[in-house]
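Report on the following structure.
The values are calculated or read from the model by the stated rules, or taken from the named source; none is laboratory data. Because the structure is predicted, anything quoted here is derived from the model rather than measured. Methodologically, a virtual Cβ is constructed for each residue, glycine included, from the backbone with ideal geometry; neighbour enumeration extends over all protein chains shown.
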Amino acid sequence: MPTNVRDEILDSWRRSRELGVDAGSQASRKVIDQSQLFLRRERNSALRQAASAAFKRLEPHLKEARTILILADSQGVIIDAIGDEHVLDEGQEIHLQLGGDWSERTIGTNGIGTALKTGKPSYVHASEHFAEGVQAWTCAGAPIFDPLTQNVIGVVDLSGPPQIFRQHNVALVLAAAREIEIALAEQKQVERTQLLEAFLMSDYSRAHDSVVLVDQSGRVLFRRGLDDDPQRRTKELSVGHKLLPKLEGLSDQDIPKLLPLNVKAEGIERLKLEGVFRGAALFLKDKGKMQRKAGATCTIKPRVNVAEGEIQIIGSSPKMADAIGLAERAALANVSVLIQGETGVGKELFARLIHSRIPDNKAPYVPVNCAAISSDLIGAELFGYSEGAFTGAVRGGRAGRFEQANNGVLCLDEIGDMPIELQPYLLRALEQRAIYRMGENKRRPVDVRLVSMTNRDLRQEIEKGSFRRDLFYRIGVMTIEVPPLRERGDDIVALLDHFSKKYAEETGRPPMTFAKRAMELMLQYQWPGNVRELRNVVQRFYLMKSGGFVTERDLPPEIQDDFDDGDEDSLEHILGGHSGDLESIEASAIRRAITAENGNLTKVAQVLGISRPTLYRKIKRYHIRKV
């Protein structure tokens, strides 16, 4: 037995001898066929993309360091290499280059092959190599693990002449490997988010309870409706398991035949992203349709130990029925939800709907308005703080909203107003499922279902640099678009009836009736303040009118759209005849100015004291005719 040889090297030598590796080999083998090498690199495109940032960051430091950085696939074949050009040239002599096969089976003990075999970081210095021809080299390799399966899918390796040998080279490649794994995890999260959203937005998701989503490689990304069935708690259906071979080239008839015997699919739906086939939904059992009947009123029961009445979401339009159905499916799927819509459409009702459909009726519901809290305090509000964390901190510290919402729903309203410097902490809390109170290092696990709401276009905010792209994908696993009232057709009639009955009961009066012309005008009106504005209008009728019949002249001037009656356009007049909603007040002022200036938008902008681009944006937002 040789002395002063590390155990891991001895073990690798034994494996190399048992595999029949020639210790006198002067070089490794190489993939000669360029088309095969191209296909191998394409198959590992996700790994190469994940490694690109780390390689680009390290490349400038390698050029004069007599060192090269190598990326190998799961079989030990080199698929990328950068670094000192002279060392890259020298590496070609032993096939330490693109296409070189550095598995232990081929060349024996080496940094790449040994790290692949053991699944542990490994360095091999000079004569520690099994093959004679590569003993003029030193190398350090670290395995790269698949974030879903934890299988070794590649190796990152640092190689060069023996003079570069430092034990801390292992730490460098290990850090690079972890960086690549994080990038891979982010790739998977974005892909999972996009596929899940594509599926949930499809009609097929409404008709099936038991669903498995697979990506293009056939790996399970998501499952629903299987946990209650012990026969389906199998490894084959677990997230991350490779259930099928690569889907490209397979027909819908082929896929069921390739499933394990204990998995039966009743239907298949291919999923596309931007027109490209990226995965499939497998429907394992039809447990009855979840489709909501258009026109049905959605009822939200009061929360436990909260003094409140039932809440109703009124809507018979297809867009509203779709949004309600998405919210109910989001509750079953247990995913982060982003609710988007204009001011006043009722986004908070959809957040309450998701919470009400959670099986645990004692699950907390914690709302936070990000726009109502100063940027200095929102961190403490969300994550809590320890005693003495800042001036004014209460004795003993305080739990934040994340901890209060543990095992329930945290609803972040106006998330587009969250300060950019706080967004990384929110992202970390969501990914790690844990928070740190301000002023302390104690990790506090939390299990929170996040529902975010905004009236902003977050994609535009991303382009402006005020919202993080990675946070957008994390909070918007599923996106619900609540339609504006102007797109809901006869829902206006149902809402008028609903609010009329509500305020009639509150005031002890019989419900009001509406003249035909008044109803026509309200159906034609664009409702810039949406449902909130309509509610305010109905409430005003019950506060201001003594009779029970609403005519055209009882309507606010912005609904009558009659600016020729000679009344002065003072602020007092506008407010006096208005429902009080700021959006509709603004829209009314713009309409009056356009009428007064005969459609000259340059003069309108001057009169209102705003720029022309701002005026155009508001005209588009409020759907105002330019005369």
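A compact table of results
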| item | result |
| --- | --- |
| Any hit, region 56-69, residues being assigned to a helix (DSSP H, G or I), of a type outside the set (A, V, I, L, M), in contact with a strand residue (DSSP E or B) (Cβ under 9 Å, 6 or more places away or on another chain) and without any contact (Cβ under 8 Å) to a residue 60 or more places away in the chain | yes |
| Residue tally, condition in a helix (DSSP H, G or I) and either over 39 Å from the mean Cα position of the chain (by Cα) or not assigned by TED's automatic domain parsing to the domain that holds GLY529 (or both), over region 606-618 | 3 |
| Among residues of region 422-449, those that are surrounded by 14 or more Cβ atoms within 10 Å (Cβ to Cβ) and of a type in the set (Asp, Glu), counted | 2 |
| All positions within region 7-39 that are within 44 Å of the chain's Cα centre (by Cα), assigned to a helix (DSSP H, G or I) and surrounded by fewer than 18 Cβ atoms within 10 Å (Cβ to Cβ) | GLU8, GLN34, SER35, GLN36, LEU37, PHE38, LEU39 |
| Single residue of region 230-257 satisfying the filter (modelled with pLDDT of 75 or more and among the basic types (Lys, Arg)) that is nearest to ARG219 (Cα to Cα) | LYS242 |
| Tabulated pairs, region 610-622, first hydrophobic (A, V, I, L, M, F, W, C), second surrounded by fewer than 13 Cβ atoms within 10 Å (Cβ to Cβ), C-beta under 8 angstrom, 6+ apart or interchain | ILE619/LYS626 |
| Enumeration of residues in region 117-136 that are part of a helix (DSSP H, G or I) and closer than 17 Å to LEU172 by Cα | none |
| Residue that is nearest to GLY325 (Cα to Cα), among those in region 452-495 that are within 17 Å of the chain's Cα centre (by Cα) and β-branched (Val, Ile, Thr) | ILE480 |
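Residue-by-condition table, conditions (1) among the β-branched types (Val, Ile, Thr); (2) in contact with a Gly (Cβ under 9 Å, 6 or more places away or on another chain):
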site	(1), (2)
ASN4	no, no
ASP11	no, no
SER28	no, yes
VAL77	yes, yes
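Here is a yes/no grid of residues against (1) among the aromatic types (Phe, Trp, Tyr); (2) surrounded by fewer than 18 Cβ atoms within 10 Å (Cβ to Cβ); (3) in contact with a helix residue (DSSP H, G or I) (Cβ under 6 Å, 6 or more places away or on another chain); (4) in a helix (DSSP H, G or I):
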| site | (1), (2), (3), (4) |
| --- | --- |
| PHE472 | yes, no, yes, yes |
| ILE480 | no, no, yes, no |
| PRO483 | no, no, yes, no |
| GLY489 | no, yes, no, no |
| LEU496 | no, no, no, yes |
| PHE499 | yes, no, yes, yes |
| LYS502 | no, yes, no, yes |
| GLU506 | no, yes, no, yes |
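Residue-wise test of (1) in a loop (DSSP other than H, G, I, E, B); (2) at pLDDT 85 or above.
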{"residue": "TRP527", "(1), (2)": "yes, yes"}
{"residue": "GLU533", "(1), (2)": "no, yes"}
{"residue": "ASN536", "(1), (2)": "no, yes"}
{"residue": "ILE559", "(1), (2)": "no, yes"}
{"residue": "PHE563", "(1), (2)": "yes, no"}
{"residue": "LEU575", "(1), (2)": "no, no"}
